[in-house]
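To start, the structure itself, in structure tokens.
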Amino acid sequence: MNIRLAYMYRAKGIEINFMSDEMRIEDGVIVAEKLEKEKSVQNLYAIDDLDRTWSTKELKRLVAQVEEEPHHILVYFDGGFDRNDLVAGVGVVIYYEKNKKYFRRRKNVKLEQLDNNNEAEYAGLYHSLELLEEMQATHQSITFKGDSMVVIHQLKEEWPCYEENLQRWIDRIENKIEQLGIQPDYQVIPRKDNKEADQLASQSIQGIQIESTLEINKRK
């Protein structure tokens with residue numbers, strides 16, 4: 001979770017309102033505690049990425065709670081479609097923090113009854129949401145990265161969607177997003193930066209099933 005700090009600076013009859021850039025919640029607590037020691041700083045509060053407001057005291061309690069849950073989550077997703085065998089596969093890689101440690105979770109799924117690669121890409125994103133639900137990663141801002149311009153731009157409502165089958169995936173994804181209380185940040189990345197999820201999708205088509213959670217040195 002990221003936050004911004006807002007406060008009034010009052011000195012010699014002058015009042016100025018300030019709003020900080022976004023920062024990690026852990027860093028925000030440190031800055032907030034230092035600012036509160038300044039006599040000229042008044043009405044200090046934090047705003048999270050869901051537009052909720054917090055006092056410094058509430059923020060410190062929130063940090064303790066957040067540490068025990070998956071947070072600072074980054075999701076890579078991909079989907080592939082074999083036109084010969086009419087089989088699809090999806091791959092999901094999730095990087096997150098928990099209890100001041102870094103983790104990577106990977107999963108792939110083999111799917112049938114899909115029609116094309118775009119559907120497989122949408123299925124990849126949807127399965128990432130199911131995995132987040134399983135992890136109880138809810139009510140926070142989460143970044144989703146994929147190499148499908150169609151999926152990302154349509155979900156951001158920058159491109160229209162005319163295919164009924166793709167619109168059904170969009171509706172499923174948006175309903176799940178709302179159910180989980182997630183604020184999504186969708187980002188298009190080059191295929192070369194999505195190799196992990198792409199490999200998982202290809203392996204699932206080949207019948208190689210992978211699901212693992214690994215503690216890593218740091219977040220990607």
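Summary of values
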{"quantity": "Computed FRET value (nearest 0.05) for Asp193 with Tyr9, which takes r as the C-beta separation and R₀ as 41 Å", "calculated": "0.50"}
{"quantity": "C-alpha center-to-center spacing [segment 145-220, segment 1-58] in angstrom", "calculated": "34 Å"}
{"quantity": "Three-way shape label, the chain, alpha-carbon gyration tensor, a/c 1.5", "calculated": "prolate"}
{"quantity": "Cα-based reach from Lys176 at 14 Å (exclusive), listing aspartates and glutamates while leaving out same-chain residues under 8 positions away", "calculated": "Glu130, Glu133, Glu134"}
{"quantity": "Nearest-ten-degree value, helix 195-205 long axis tilted from longest Cα axis of the chain", "calculated": "30 degrees"}
{"quantity": "Virtual spin-label span in nm between Glu163 and Ala64, 7 Å along Cα→Cβ", "calculated": "5.1 nm"}
{"quantity": "Listed peptides 65-71, 8-14, 137-143 by packing density, highest first (mean Cβ within 10 Å)", "calculated": "137-143, 65-71, 8-14"}
{"quantity": "Cα centre as origin, Lys/Arg/Asp/Glu Cβ charges: the chain dipole, Debye", "calculated": "1140 debye"}
{"quantity": "Simple Cβ-charge dipole of segment 106-196, Lys/Arg +1 and Asp/Glu -1, about Cα centre, in debye nearest 20", "calculated": "420 debye"}
{"quantity": "Helix 25-36 axis, angle to the chain major axis (alpha carbon atoms, nearest 10°)", "calculated": "10 degrees"}
{"quantity": "Relative packing of peptides 195-202, 37-44 - highest average C-beta neighbours within 10 Å first", "calculated": "195-202, 37-44"}
{"quantity": "Helix 56-67 axis, angle to the chain major axis (alpha carbon atoms, nearest 10°)", "calculated": "30 degrees"}
{"quantity": "Å² of accessible area per residue within the chain, as computed with a 1.4 Å probe and no ligands counted", "calculated": "56 Å²"}
{"quantity": "Cut-off 9 Å between beta-carbons: net charge of the residues surrounding Ile210, Lys and Arg +1, Asp and Glu -1", "calculated": "+1"}
{"quantity": "GNM flexibility winner over the chain from Tyr45, Tyr76, Tyr95 (Cα, springs under 10 Å)", "calculated": "Tyr45"}
{"quantity": "Violating pairs (Cα-Cα greater than 30 angstrom) within the set Lys100/Lys156; Lys60/Lys101; Lys110/Lys145", "calculated": "Lys100/Lys156"}
{"quantity": "Relative contact order (%) - segment 7-163, alpha-carbon pairs under 8 angstrom, separation at least six", "calculated": "19 percent"}
{"quantity": "Cα principal axis extents for segment 147-193, largest first, Å", "calculated": "32, 26, 16"}
{"quantity": "Cα gyration tensor shape of segment 98-220, rounded if a/c is under 1.5, else prolate or oblate by comparing a/b with b/c", "calculated": "oblate"}
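The values are calculated or read from the model by the stated rules, or taken from the named source; none is laboratory data. This structure is a prediction, so every number in the text was calculated from the model and none was measured. Positions of Cβ are generated from backbone atoms using ideal geometry, with glycine treated the same way; all protein chains shown enter the neighbour counts. Quick note on the areas: whole protein, heavy atoms, side chains included, nothing else; ligands and nucleic acids left out. Shrake-Rupley method; radii C 1.70, N 1.55, O 1.52, S 1.80 Å.
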